[in-house]
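Presented below is the structure to which this report refers.
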Amino acid sequence: MLQWYPDSYRIGIAPILTLLMVFFAIGVRVLIPEGNTAFQWPLNIAMGLIALVHLYLIIDDRVMKRGDALIYGLVHICMAFTVWIFSLMVVTGNDLF
């Protein structure tokens, strides 16, 4: 069962990081010329943090049950991976390698 207060911020950290990846990618694309690969590192770090947050939610069962956290993590990491690839392509100018 979800216990929203005071632990509800833990559930929302991963989607907020995903949203910040999108805003970061669009902001970099507007301000910096395309093809600059130096700005891909914050996106890589954000994706790692998203995975760590979901691992924390699975281990710490104060907010939701472990099974619920596992399904939430699997679904969100799949969606975050798609957003991450999109953000990398926007930042690097459609050149990932």
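Would you compute, from DSSP H runs of 4+ residues alone, the mean residue ellipticity of the chain at 222 nm, taking -39500 (n - 2.57) per run and dividing by the full residue count, rounded to the nearest 500? Mind showing how you got there, number by number?
Numbers: 3 runs with 71 residues, N = 97.
Helix contribution divided over all residues of the chain: -26000 deg cm²/dmol.
What is the dipole size for the chain, taken about its Cα centre, with +1 at each Lys and Arg Cβ and -1 at each Asp and Glu Cβ, in debye to the nearest 20?
Working: 5 positive and 6 negative charges, 28 e Å.
Roughly 140 debye for the chain.
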Practice prompt. Enumerate the amide H contacts of Gly93 below 5 Å, restricted to partners 5 or more residues apart or on another chain; note that Pro and chain-start residues carry no placed amide H.
Written response: Gly35
Worksheet entry | Among (1) 15.1, 47; (2) 17.6, 58; (3) 12.7, 37, the entry derived from the coordinates for Rg and Dmax of the Cα atoms in Å | (1)
Worksheet item: Which ³J(HN,Hα) values in Hz, rounded to whole numbers, follow from the phi angles of the range 18-32 under the Karplus curve 6.51 cos²θ - 1.76 cosθ + 1.60, where θ = phi - 60° and Gly and Pro get x?
Response: 5, 5, 5, 4, 5, 5, 5, 5, 5, x, 5, 5, 6, 8, 10
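Where a number appears in this text, it was derived from the coordinates with a stated rule and is not lab data. In this text, all values refer to a predicted model and were calculated from it rather than measured experimentally. A quick note on method: Cβ atoms are made from the backbone with ideal geometry, for glycine too, and the neighbour counts reach across all protein chains shown.
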